[in-house]
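To keep things clear, I will list the structure first and then write my remarks on it.
The values are calculated or read from the model by the stated rules, or taken from the named source; none is laboratory data. Computed from a prediction, not measured in an experiment: that's the story for all the values here. Virtual Cβ from ideal backbone geometry, glycine too; neighbours counted across all protein chains shown.
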Amino acid sequence: MSGPALMLRGHIKDLGGGFTVRRLLPSVQRQSVGPFLFFDHFGPVTVQPSDEYDVRPHPHIGLATVTYLFSGAILHRDSLDSVQQIEPGAINWMTAGRGIVHSERRPPALADTSYVNHGIQLWAALPLAQEDCPPSFTHTPASALVQCRVADATVRVLIGSAFGVTSPVATMSPTLYLDVLLPAGGFLELPALAPEMAVYAVDAAVELDGQPLEAQAMAVLQPGAPARLRAGAAAARLMVVGGAPLDAPRHIWWNFVASRKERIVQAASDWESGQMGQVPGETEFIPLPAHRFKP
């Protein structure tokens, strides 16, 4: 079997408001896998009542955010007047398109409670033809997502199709996102389900084609090659991401993604001048970074 083409170990990134993530994508070695430009793993972190744990309103263009929780809760609010408590097992897909503003905060019901927050947030680049589409937000509850048994593994098909199961989550380009649980010593042969694929080990090391894949590391797989996954002495959770390659190079600056540099310049100007809208009921916001985009 072919081994992974590339190993990524990520780095810690502070998003502000006490919210830190381990960022695997983009990296120096690899900008994207399928449509996914960002792969952020946050937690597990115990949030105390006294902790500041909020991401203030901020803008996006040209992408979709995909939020998935293992535990905890996040209150999503956006400039479309969407209000959604994100809970474990659900898929929350926010299409920024031509522009959206959102916040991610501790739910009021948990204000006086300690709880563990843990999950993954992805950014998917929108296809060129949809870069400036109208923004939208879609919540798919955990109960609508199907899981299946494959060899020793339990596989939840979050986005796309795999092992005879198709997710109800609609996307704008071929996209794959799986949540795989392997028991201790468990085995799964993962076929080439998409032109580009990667496997992320959330909480325990596994073997991938006989080679070690450390916990909180990502293996970008060889195109078209299956992967043999085996858990060690501990049960392991794996996230599989992939899809069709990007249809054109993308520029990324701050929270903006675009195929044209001038679109990022315009979005920065719009945010600074208050032209991108606001989240109803919010008065705070994250300002533009001091280091400005250089076309």
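Each residue in region 45-62 was checked for being of a type in the set (V, I, T) and closer than 19 Å to R77 by Cα, and 2 pass. List pairs: first residue in region 163-192 and free of Cβ contacts under 8 Å to residues at least 24 places away in the same chain and at negative phi, second residue assigned to a loop (DSSP other than H, G, I, E, B) and hydroxyl-bearing (S, T, Y) anywhere in the structure, Cβ distance under 7 angstrom, at least six positions apart or on different chains. Nothing qualifies.
Look at I86 and say whether it is buried (at least 17 other Cβ atoms within 10 Å of the Cβ) and closer than 30 Å to A227 by Cβ. Yes: the conditions hold for I86.
To keep it simple, each residue is scored yes or no on (1) β-branched (V, I, T); (2) part of a strand (DSSP E or B); (3) closer than 27 Å to Q216 by Cα.
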| residue | (1), (2), (3) |
| --- | --- |
| Q84 | no, yes, no |
| G97 | no, no, no |
| E104 | no, yes, yes |
| T113 | yes, no, no |
| H118 | no, yes, yes |
| A124 | no, yes, yes |
| D132 | no, no, no |
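Residues in region 137-160 that are touching a residue at least 24 places away in the same chain (Cβ under 8 Å) and either farther than 20 Å from L69 by Cα or in a loop (DSSP other than H, G, I, E, B) (or both): P141, L145, V150, A151, D152, G160. When region 1-36 is filtered for residues that are closer than 20 Å to E104 by Cα and not polar (S, T, N, Q), the ones remaining, listed by number, are I12, K13, D14, L15, G16, G17, G18, F19, V21, R22, R23.
Every condition in (1) modelled with pLDDT of 95 or more; (2) over 23 Å from L63 (Cα atoms) holds for A225 except the one numbered (1). Taken over region 19-71, the criterion of being in a loop (DSSP other than H, G, I, E, B), over 24 Å from R263 (Cβ atoms) and touching a residue at least 60 places away in the same chain (Cβ under 8 Å) is satisfied by F19, Q48, P49, Y53. From the list E189, E196, E207, the lone residue that is in contact with a Pro (Cβ under 8 Å, 6 or more places away or on another chain), surrounded by fewer than 17 Cβ atoms within 10 Å (Cβ to Cβ) and among the charged types (D, E, K, R) is E189. Looking across region 161-172, the residues that are part of a loop (DSSP other than H, G, I, E, B) and either under 30 Å from I100 (Cβ atoms) or charged (D, E, K, R) (or both) come down to S167, P168, V169, A170, T171, M172.
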